[in-house]
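The values are calculated or read from the model by the stated rules, or taken from the named source; none is laboratory data. Keep in mind the model is a prediction, meaning the values are calculated, not measured. Here the Cβ is made from the backbone with ideal geometry for all residues, glycine too, and neighbour counts use every protein chain on show.
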Amino acid sequence: MGFPNNLLQDDEELILHTHPHWKELFMPIVWFVLIAAFGTVGMLALPDSWGSIAQAVGWAVIAVLMVWLVVAPYVRWATTHYVFTTHRVLLRTGVITRKGRDIPLARINDVSFEQGVIERMFRFGTLVVESAGERGQQVLKDMPQVENAQSTLYRLVEEDHDRRMGAGDDEPPLATQPPPRV
């Protein structure tokens, strides 16, 4: 499930698009193997005397467990998007009930990350984006390559600040220009 590019403005470029780290899919894979193995063995071990109703109930239980423990976590992972653009940070989650948050780069005050030992081994962590406004902090859990994401976002904030201040133009920004002589 890709990120819809129609959410971007005309002058906005996609810099980074990622989902949470693949470790979010580890337990669903384990559950898939366990449910498939034990479900198959259990269904084959059912006595024929129990009839087709017992088999139908057994297959229904297996299907419910698969949806609950395998499919739902995968869909949750696939529909969680962490997106950095040249103008903002976009966060999108959910399928039926969608949640989204856009943080303009100009409103970001601080970008930090946190990694434990295991997280460092598998190259993911928690990215904390602090912005001015009512909501304050946005925590992006299980961000892959969190150090690179943090430095990329910091660079984008600095470039956005320079762009807004008119850096690179022949004239300095209005706030630093000397008053006109009369």
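Taking the numbered list (1) surrounded by fewer than 17 Cβ atoms within 10 Å (Cβ to Cβ); (2) outside the structural domain of Thr40 (by TED's automatic domain parsing); (3) farther than 18 Å from Leu156 by Cα in turn, Asn109 passes all entries but (3). For region 12-31, filtered to residues that are touching a His at 6+ places or on another chain (Cβ under 8 Å) and in a loop (DSSP other than H, G, I, E, B), the residue that is surrounded by the fewest Cβ atoms within 10 Å (Cβ to Cβ) is Glu12. How about region 80-159: which strands (runs of 3 or more DSSP E) wholly inside it have at least 1 residues that are acidic (Asp, Glu) and free of Cβ contacts under 8 Å to residues at least 24 places away in the same chain? Per the criteria, 99-104, 108-114, 124-131.
Of all the residues in region 113-146, those that are more than 17 Å from Lys23 (Cα to Cα) and within 16 Å of the chain's Cα centre (by Cα) number 6. Going through (1) farther than 21 Å from Val146 by Cβ; (2) under 20 Å from the mean Cα position of the chain (by Cα); (3) surrounded by fewer than 16 Cβ atoms within 10 Å (Cβ to Cβ) one by one, Leu8 falls short only on (3). Contact map, region 32-49: first residue assigned to a helix (DSSP H, G or I), second residue loosely packed, with under 13 Cβ neighbours inside 10 Å, Cβ cut-off under 9 Å, separation 6 or more or different chains; pairs are Gly39/Trp59; Met43/Trp59.
Of all the residues in region 78-125, those that are closer than 29 Å to Asp162 by Cβ and not polar (S, T, N, Q) number 24.
Do we have any residue at all in region 7-20 that's within 30 Å of Met121 (Cβ to Cβ) and in contact with an Asp or Glu (Cβ under 7 Å, 6 or more places away or on another chain)? Scanning region 7-20 turns up at least one residue that is within 30 Å of Met121 (Cβ to Cβ) and in contact with an Asp or Glu (Cβ under 7 Å, 6 or more places away or on another chain).
Among residues of region 52-65 that are more than 14 Å from Trp31 (Cα to Cα), those with a beta-carbon under 6 Å from a residue that is of a type in the set (A, V, I, L, M, F, W, C) and surrounded by 12 or more Cβ atoms within 10 Å (Cβ to Cβ) at least six positions away or on a different chain give the pairs Ala54/Leu46; Gly58/Met43.
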